[in-house]
Amino acid sequence: MPQSRKCGKKGHFLKIEVDTRLCLSCNESFAQKGKILTEKITDAKNTASVSKDPTDIIKFWRLVEDHGSELLALHQLYNLQPSHELLDLIEAGL
Ligand SMILES: [Zn+2]
């Protein structure tokens, strides 16, 4: 019987996302939170790459790391393995 890995909801007719094995509502909230964090990481990374001031560069890389840990924690919360793309994204470039 299909069962959501996050909320534990199950049922013969429960729709489960194949990739995440989450029910649709868990999958939706994971996707929303993940998207926000991914955008913050991408922004901080882009800002770091165009900054000239070393202090700024360090500051923005810290942000990448901070949001990266949040994103990893989010994956753990939903019992998901972070993808390689994600690990590449949050890897600090210092
Ligand atoms: Zn669920």
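Taken together, the values in this text are just the output of simple stated rules run on the coordinates, not laboratory data. Predicted model, so just to flag it, every value in this text is computed and none were measured. Cβ sites come from the backbone with ideal geometry, for glycine too, and all protein chains shown count toward neighbours.
Per-residue answers, yes or no, for (1) more than 16 Å from the ligand (Cβ to nearest atom); (2) farther than 16 Å from I90 by Cβ; (3) touching a Gly at 6+ places or on another chain (Cβ under 6 Å):
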| position | (1), (2), (3) |
| --- | --- |
| N27 | no, yes, no |
| T38 | yes, no, no |
| K52 | yes, yes, no |
| F60 | yes, no, no |
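Of all residues in region 51-78, exactly one satisfies the criterion of being within 30 Å of C7 (Cα to Cα), of a type in the set (S, T, Y) and exposed (fewer than 13 other Cβ atoms within 10 Å of the Cβ), namely S69. Taking each residue of region 71-91 that is in contact (Cβ under 8 Å) with a residue 40 or more places away in the chain and more than 16 Å from N46 (Cα to Cα) and looking for partners that are among the aromatic types (F, W, Y) and surrounded by 13 or more Cβ atoms within 10 Å (Cβ to Cβ) with beta-carbon atoms closer than 6 Å, six or more apart or interchain, yields Y78/F30. Restricting attention to region 40-50 and to residues that are over 17 Å from the mean Cα position of the chain (by Cα) and surrounded by 11 or more Cβ atoms within 10 Å (Cβ to Cβ), the residue that is farthest from the ligand (Cβ to nearest atom) turns out to be S49.
In the set H75, H67, only one residue is on the phi < 0 side of the Ramachandran plot and away from the ligand (no atom under 16 Å from the Cβ); that residue is H67. Do the conditions hold for H12, that is, is it loosely packed, with under 14 Cβ neighbours inside 10 Å, of a type outside the set (V, I, T) and within 16 Å of the ligand (Cβ to nearest atom)? So H12 passes the test. For region 15-25, the set of residues classified as part of a loop (DSSP other than H, G, I, E, B) and near the ligand (Cβ under 9 Å from one of its atoms) consists of L22 only.
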